[in-house]
Amino acid sequence: MIADLGYVALLLAFVLSIFAALAAWLGERHRIIELVFSARNGVLAVAGLLTLAVLIELFLLLNSDFRVMYVAQVTNRAMPAFFKLTALWGGQAGSLLFWSWLMALFAAAAVLSGWQRTRILMPKVIVVTQLTLAFFLSLISGVWALLASPLEALGMTTGAALMAEMETLTPFYQLAFTPVDGNGLNPLLRHWGMIVHPPLLYLGFVGFVIPFAFAVAALSTRQTGDLWIRVIRRWTLVAWLFLSMGLLVGMWWAYGVLGWGGYWGWDPVENAALMPWLTGTAFLHSVIIQERRGMFKVWNMVLIMITYSLVIFGTFLTRSGVVSSVHAFAQSGVGPLFLGFVGATLIVSVVLLFLRLDSLRSEHALDSLVSREAIFLLNNLLFLAIFFVTFWGTIFPVVSELLAGQKAIVGPPFFNQVNGPLFALLVLTMGIAPLMPWRRTSPAKLARLLAWPVLAGLATTLGLLVTPAMRQFAVLPGTSLRIVPVTAFYGLLVFTLVVIGQEFWRGIRTRRRAIGETYWTALLNLVRYNRRRYGGYLVHLGVVMIALGVIGTNFFKVETQRNLAQGESFTIASPLTGTYTVTYEGLSASIVAEDVRRTAAVLKITREGQLVGMLQPGQDFFIAQEQAMTTPAMYHSLAEDLYIILAGWENGGATATFKAYVEPLINWLWIGGLVFILGTAMAVWPTPVEERRIAMATSASGRVVTARS
Amino acid sequence: MFGVLRVALRCLAFSSLWVVLALAWDAPGMFAQTPSPDEINRVAKMLSCPTCAGINVADCPTETCAQWRAKIGELLAEGKTDQEILEYFAARYGDHVLQVPPTRGFFLGVWIVPIIAILAGLGTFGYLAHRWTKRPTAIESPAVPSDAVEDEYVKRVEQELQSWQK
């Protein structure tokens, strides 16, 4: 009964979103202001209706109403209430509902906040956001099933069957009977990382729809000046912040839960989230050039259009199962519909861009190759290159199967080998860019700015090359070739670090000279009144720390697998801190939750003879799902993690098999992630100066409109 | 009945003796001790789990992968090189059990296309940079004096200060 109510809310939201798009379009075209207002109210109503639908879905999940198919798929009676609620994004239909709800909220926020200041753009913003939303709602409101009988009449039986099946994809679909219990959530997802990871990613994905909507609105109304760029800056940063957090939390979850000692596997699902992040990051940078110099206007449009398409494509990748097999793609109607939607939006965007090319002329030319503009262009190309490599590697299995009929897997070695050097170059541009003045500079000037960073970088590389700990890797088989690029990269990181430090120092010095502040107040005020600039530097600092961890784990990870009898021990040597000795003392059993039993090994860990502590890696057995999950145990330090998993045991624990990893510098990845987030949050925070700039841009465009009409 | 069995056993014993000798002849690693789990994992990492997506054989907890690791151990004990073992699995189960497609035929595309794309990107960058720096602009940009950089920076900080204090 209550499920029916949810379904009605969903269906109404679908109809209203289409209405809002149409009303906004027609209202703008025929200058009927009432229709535009009606469209705005439609946007708000859609947000309200979807909130109701989500609340009803949560109610159903919480009350274990297994008659509703989705509830039976993702929950069971034994699950704690908290996990029942988070199961909202634990399956296909629920995820799409959740996505749509967030989209509706973002659209409502964009329309409400932009209504006064950017009225001219609003109708088209409504059109784009509501059409996107309508597409997603069409997937989960069962409307495609209406196509089943016409298709059947046309003789397209497979298409008809696929569309008929779409009926079951609604999160309120009711079974003909009530199952006694549900399937329960995949045990892997019962972790706080997996609780917050999808919402963060979705917020990031959904967030990027807003800048795209503004871009399209600016193009179609020819308001291609400063206005849309300034308005979307914060929207883009917010979306980017969420996407970055989503990626980091995902990595943290993979590291802490999946139990393979890694955090990034270049899995299609991971790549799906990384790709819009890459193009979005390129966009964030090149937008600065447009703000400052009025250049790269077409390029910025292209970037935001690609990012939007990748957001939809990413949802498609994760939701259609296309990558694991072409056949999975054809078994559900979702895949073809998504692909059709991505294709349609791309075509419309490109056509619109071509029609408006005349209004996107560059205001300035590139003065010199030794300028910040040129470096930003290079940085953009690198981001796009990494994106393309990732995209190609992700879809190659599909291409290969379709074109050559040969199955293939493109695993991490490909991505690491091709993207690794590109990332290194990216860090280089990141380091140099702040030193490059706009327009041009003289070589002597640049040399003076570069002197300290370059010296520090070179000293680091040379120092590491002669350090015994580093040189030890040069003689290990297979690593001899790595020593040069790795030490060079560490030098590069130090170079970047010194550049950032130098920038802060120059700012502090200037403030001290100008108004005589103390060092600390100067630093605080510098950051406070230039949040965007210094927030950006903080983000770069975070990237340096993350890179430190990535290199450490990619090049210096040590791993071993051993089978031990009780009382026996093995050793694993760390490249940084000394040799660990791991002694197996026996198995222990415990009850973790009502439906989870844990078997853990008790391990005594010593390093160079000193007791470090006890670790208890184990396996959790989920009774309902009859599924076992490894739970790694870790000893953390700033230098490294000792990461141990219990791979198996024999004879009630008389012997057991362990995998142990030493993960050098890994914690710098997480610390860097926090710094990164902090920096972004700082840049997002509104400043009075920024507010004034938007107000100025608004009044400027207002004049344009009055002059024209 | 038993006769047949005996003959078969004898054949087997003989042939395995022959195999052992033949292998010993050109594979000195043959009498090496049983491979350690680490050596097995080294090879298993280069293979993909045939039944589950995205996991290599070393990290995969399924029964199939355990059997594959055992097989890798046998092959290593026979003195096979890593490459031969990979070829063994690819020949039996298809190229998609390799972590990276073999470098031949259509699969070469996985490497070549990105290289072409990157070169094309660099070419575009060079072309654009060349064209833009040469193109006359509507607004002639005066050269920045060599010591203007520091001044510009100071000016910016001061400007931002003032605009905030207003």
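Details
- Net charge contributed by nearby residues that have their C-beta within less than 13 Å of residue A:39 (K/R +1, D/E -1): +2
- Within a straight-line Cα-Cα reach of under 12 Å, residue A:124 can be paired with the following aspartates and glutamates, leaving aside sequence neighbours fewer than 8 residues apart in one chain: A:28.
- In range of the label at residue A:81: residues from the range A:37-65 whose backbone nitrogen is under 18 Å from the point 7 Å along Cα→Cβ: A:55-65
- As a size descriptor, the averaged projected area of the C-alpha convex hull of the protein assembly as shown was calculated at 45.9 nm².
- With the convex hull of its Cα atoms as the shape, the range A:558-667 has an orientation-averaged projected area of 6.9 nm².
- Here's the list of aspartates and glutamates a cross-link from residue A:407 could span, going by alpha-carbon distance under 20 Å and ignoring same-chain residues fewer than 8 apart: A:267, B:87, B:95.
- Note on the range A:191-436: semi-axes of the ellipsoid equivalent to its C-alpha gyration tensor, largest first and rounded to whole Å, are 31, 22, 18.
- Against the empirical 2.2 N^0.38 Å (N residues), the range A:1-104 has a Cα radius of gyration ratio of 1.29.
- Sequence-separation-based contact order of chain A, relative, with Cα cut under 8 Å and 6+ spacing, percent: 10
- Residue A:357-residue A:404 FRET efficiency (beta carbon distance; Förster radius 56 Å; 0.05 resolution): 0.90
- Theoretical FRET efficiency, 1/(1+(r/R0)^6), r = Cβ-Cβ of residue A:59 and residue A:466, R0 51 Å, to 0.05: 0.15
- Where labels lie 7 Å past Cα in the beta-carbon direction, separation of residue A:291 and residue A:638 in nm: 3.4
- Kirkwood-type hydrodynamic radius, the range A:1-185: 17.4 Å, calculated from all non-identical alpha-carbon pairs.
- Take each residue in B:102-109, count the other chain C-beta atoms within 10 Å of its C-beta, and the mean is 3.
- Here the spin labels are modelled as points 7 Å beyond Cα on the Cα-Cβ line, and at residue A:4 and residue B:64 they lie 4.6 nm apart.
- The value of relative contact order for the range A:191-436, using C-alpha pairs under 8 Å at least six residues apart, is 21 percent.
- With each label modelled as a point 7 angstrom along the Cα→C-beta vector, the residue A:298-residue A:178 pair spans 6.4 nm.
- Other residues lying with their Cβ under 12 Å from the Cβ of residue A:259 contribute a combined charge of -1, Lys and Arg counting +1, Asp and Glu -1.
- Cross-link partners for residue A:297 among the aspartates and glutamates, with Cα-Cα distance under 18 Å and sequence neighbours closer than 8 places in the same chain left out: A:226, A:358, A:363, A:367, A:373.
- Its DSSP H runs of at least 4 residues, each contributing -39,500 (n - 2.57), put the calculated 222 nm mean residue ellipticity of chain A at -22000 deg cm²/dmol, to the nearest 500.
- Partner chain coverage, peptide B:53-66 - average Cβ within 10 angstrom: 4
- Applying a threshold of 21 Å to the alpha-carbon distances of A:557/B:80; A:659/B:45; B:45/B:71; A:604/A:659; A:604/B:45 flags A:557/B:80; A:604/B:45 as lying beyond it.
- Averaged over residues, the count of other Cβ atoms within 10 Å places the peptides A:430-436, A:145-151, A:589-595 in the sequence A:430-436, A:145-151, A:589-595, highest first.
- Listed from fewest to most Cβ neighbours within 10 Å, the set B:52, B:60 follows the order B:52, B:60.
No lab work stands behind these numbers, since they all come straight from the coordinates. Note that the structure is predicted; figures quoted are calculated from it, not measured. With ideal geometry, Cβ positions are generated from the backbone for all residues, glycine too; neighbour counts draw on all protein chains shown.
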